[in-house]
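The block underneath contains the structure these notes are about, expressed in C-alpha cells.
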Amino acid sequence: MERLSILYASALFDLALQKNAVDDFLRQAILLRDALKDPECKRLLEHPQISAAEKREFFNKSFEGQISEDMLGFLYLVVDKNRIKYLFPALGMLISNIEHRNNIVTAKVFSASPFDDAQAGALKTMLSEKLNKHCELDLKIDTSVIGGPYIFVDGYYIDWTVKKRLSDLTTSLKEHRN
C-alpha cells in the first residue's frame, strides 16, 4: 500500500514543481484531506455499491472551483482504479513533501484548555524563531494535563506542564537535601 501512495505523492509533487504551483497544490491537498475526513465522505468513497461515476460527480460538485484539473484528475484516478485506500496516505505525503520543501513544520500542541489567539500567535512566533522554520500549530485538548502545554515539533518534545515542573522541583529538592 505504501508504495503506491509514495508514487502518487511523488507524481503530484513533481507536477506541482513543474507547474510552479507548489503553494496551490499544498492548499488543495490540505483542503481535500480535511474535507474528506468527514465520516459521510469516507463512507461514500469506500462504499462498494456507489459507482465510480457517482464518486466523480461527488468530487465535481464538492470541489468545483476549489481544486485544479490536475488534482481532480488524481481523484478520478484513485476512484477509477478503485484505490481510495491510497488517497489519504498520498495526500499526507504530498503535504509533508511540500512542507519540507517550504521549510514548514507543524507543532502538535496539547493543553488542558484552548489557547486564545494571542497565546497561539506568541507560541507560533517563538517556535518559528527557535526552529528557524515557519511553524504551524495543531492545537489539541488533553484533559489529563493539569496546566501548561506539551508540544511535539520537528523531532522535539517540549514539556511545559505543571506536572513536569512539579516533578522537576521535587527532584531538585531531593538533590539539595542530599
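The values are calculated or read from the model by the stated rules, or taken from the named source; none is laboratory data. None of these values were measured; they are calculated from a predicted model. Methodologically, a virtual Cβ is constructed for each residue, glycine included, from the backbone with ideal geometry; neighbour enumeration extends over all protein chains shown.
Miscellaneous remarks
Yes or no, residue by residue, for (1) assigned to a helix (DSSP H, G or I); (2) within 30 Å of residue 122 (Cα to Cα); (3) modelled with pLDDT of 95 or more; (4) not assigned by TED's automatic domain parsing to the domain that holds residue 119:
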residue: 12; (1), (2), (3), (4): yes, no, yes, yes
residue: 25; (1), (2), (3), (4): yes, yes, yes, yes
residue: 34; (1), (2), (3), (4): yes, yes, no, yes
residue: 42; (1), (2), (3), (4): yes, no, no, yes
residue: 45; (1), (2), (3), (4): yes, no, no, yes
residue: 50; (1), (2), (3), (4): no, no, no, yes
residue: 58; (1), (2), (3), (4): yes, no, no, yes
residue: 62; (1), (2), (3), (4): yes, no, no, yes
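- From the list 131, 139, 87, the one residue that fits, being assigned by TED's automatic domain parsing to the domain that holds residue 48, under 30 Å from residue 8 (Cβ atoms) and either among the β-branched types (Val, Ile, Thr) or within 23 Å of the chain's Cα centre (by Cα) (or both), is 87.
- If the condition is being hydrophobic (A, V, I, L, M, F, W, C) and touching a Cys at 6+ places or on another chain (Cβ under 9 Å), then the stretch 46-88 contributes only 58.
- Residue in the stretch 30-49 that is more than 19 Å from the chain's Cα centre (by Cα) and among the basic types (Lys, Arg) present: yes
- Count of residues meeting criterion [in a loop (DSSP other than H, G, I, E, B) and either at pLDDT 95 or above or not hydrophobic (A, V, I, L, M, F, W, C) (or both)] in the stretch 92-134: 7
- Number of positions in the stretch 142-155 that are in a loop (DSSP other than H, G, I, E, B) and either under 18 Å from residue 116 (Cβ atoms) or not assigned by TED's automatic domain parsing to the domain that holds residue 110 (or both): 5
- Odd one out for residue 18 among (1) surrounded by fewer than 15 Cβ atoms within 10 Å (Cβ to Cβ); (2) in contact with an Asp or Glu (Cβ under 9 Å, 6 or more places away or on another chain): (2)
- The single condition from (1) surrounded by 15 or more Cβ atoms within 10 Å (Cβ to Cβ); (2) over 18 Å from residue 114 (Cα atoms); (3) among the β-branched types (Val, Ile, Thr) that residue 170 fails is (1).
- Members of the stretch 91-100 found to be more than 11 Å from the chain's Cα centre (by Cα), surrounded by 20 or more Cβ atoms within 10 Å (Cβ to Cβ) and either farther than 13 Å from residue 28 by Cβ or free of Cβ contacts under 8 Å to residues at least 60 places away in the same chain (or both), listed by number: 97
- Residue match in the stretch 107-123 (condition: under 30 Å from residue 6 (Cα atoms) and either of a type in the set (Phe, Trp, Tyr) or exposed (fewer than 15 other Cβ atoms within 10 Å of the Cβ) (or both)): yes
- Subset of the stretch 110-126 (residues that are in contact (Cβ under 8 Å) with a residue 12 or more places away in the chain and either within 13 Å of residue 150 (Cα to Cα) or not aliphatic (A, V, I, L, M) (or both)): 110, 111, 112, 113, 114, 115, 123, 124
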